[in-house]
Amino acid sequence: MKQKLFKRGLFSLVILGMLYYFLGYMLVDLVGVPLAAYNSYKLWNKNDSIENKIWVEESNSKEQKIVASVSTITTERDSIALTTLVREAYTWSYDNVTDEFPYLVKNESDSIFTGIDWKAYKATMLAYKNTDYFTEEFFKYHEIVATNIDASIRSADIKWRNMNDGISLWSSEVDDWCNCQDYPEDYWKTLVINQLMIKDTIAHFNLNWENYGEYSSMNYAVTAKKVDGKWKINALEGYQNYYTKEEYASFMSEE
């Protein structure tokens, strides 16, 4: 009898011990850890948490500084690349001066032109393309200008088409690459750019030239486009000096 009571008492102590261990340790782990994690999460996401705000502000500030730094470096590299581009393109152009919109005449002794000399025009454009300084958009617009000139000449009265009469209606009267008649000697070799604005793969800027040892803006607008990682000239302001067939017709009707 005593032996049975002893065994029951011993069994009860074991059960109590296990229950104590479970309540004292296991339950704390099961409940306390998730609860602590929840409280930490709640504190972290609390809108009025000063620590959270400071951490977010510091993180944003660091990210903004990094982005600004990368942007500045990228802009500087692009500026150098664009300056090199215009210097090389302009130097090439002035070393290879040719009539971009040549007139067609029946023979060399004839002063009456009848349109654009497309054979000579295409040879000139091929030389331009071989430089790799210009985009396809540049050539497309250039050809539109040539086509308008050609169509207008072909529909014009002979009195407008005599080369001996001086500057023709279809000439811009200025150098299309600077919108100028006079310029500093070899200015194209020292060109720099200003007012640079870059968005995605398109860059807009003005050209500066050196005159009497100082740089001044030509206020000449250029657009460049990055093609396969390389900047190319996309548009030059000077080609806006030309008009449509209808506009040329209007000019002639006013005379």
Under 12 Å from K159, Cα to Cα: aspartates and glutamates that are on another chain or at least 8 residues apart: E255
Out of Y183, Y243, Q195 - ranked by how far each Cα lies towards the positive end of the dipole of segment 161-255, with unit charges on the beta-carbon of charged residues - the top one is Q195
Residue (of A146, I112, P102) at the positive-pole extreme of segment 102-244, dipole from beta-carbon charges: A146
Read phi for every residue in segment 167-177 and hand back ³J(HN,Hα) as whole Hz from Karplus 6.51 cos²θ - 1.76 cosθ + 1.60, θ = phi - 60°, with x for Gly and Pro. 5, 7, 4, 8, 9, 7, 6, 9, 6, 5, 8
Projected onto their principal axes, the Cα atoms of segment 68-175 stretch, largest extent first, over whole-Å spans of 62, 24, 23
Let me know the Kirkwood hydrodynamic radius for segment 123-255, please, with Cα pairs as the basis and the value in Å to one decimal. 17.0
Please work out the average accessible area per residue across segment 174-253, using the 1.4 Å probe convention, and give it in Å². 57
Give a residue-ordered list of calculated ³J(HN,Hα) values for segment 109-114 (Karplus: 6.51 cos²θ - 1.76 cosθ + 1.60, θ = phi - 60°; whole Hz; x for Gly, Pro). 7, 7, 9, 9, 9, 10
Under 5 Å from the placed amide H of V227, counting only residues 5+ away or on other chains, we find K232
Structure shown: which of K119/K230; K140/K232; K119/K232; K119/K140; K199/K226; K122/K230 lie over 22 Å apart, alpha-carbon to alpha-carbon? K119/K230; K119/K232; K122/K230
In whole Hz, the Karplus estimates of ³J(HN,Hα) for segment 185-198 (6.51, -1.76, 1.60; θ = phi - 60°; x where Gly or Pro) are 4, 6, 4, 5, 7, 10, 4, 10, 10, 9, 6, 6, 10, 10
At a threshold of 8 angstrom on Cα-Cα distance, excluding pairs fewer than six apart, so keeping six or more, what relative contact order does segment 91-194 reach in percent? 24
Hydrodynamic radius by Kirkwood for segment 128-194, inverse mean 1/r across distinct Cα pairs, in Å, is 15.0
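The values are calculated or read from the model by the stated rules, or taken from the named source; none is laboratory data. Predicted model, so just to flag it, every value in this text is computed and none were measured. Note: ideal-geometry Cβ built from the backbone for every residue, glycine included; neighbour counts use all protein chains shown. The protein model used for the area step is the full one, side chains on, heavy atoms only, and it has no ligands, DNA or RNA in it. Shrake-Rupley method; radii C 1.70, N 1.55, O 1.52, S 1.80 Å.
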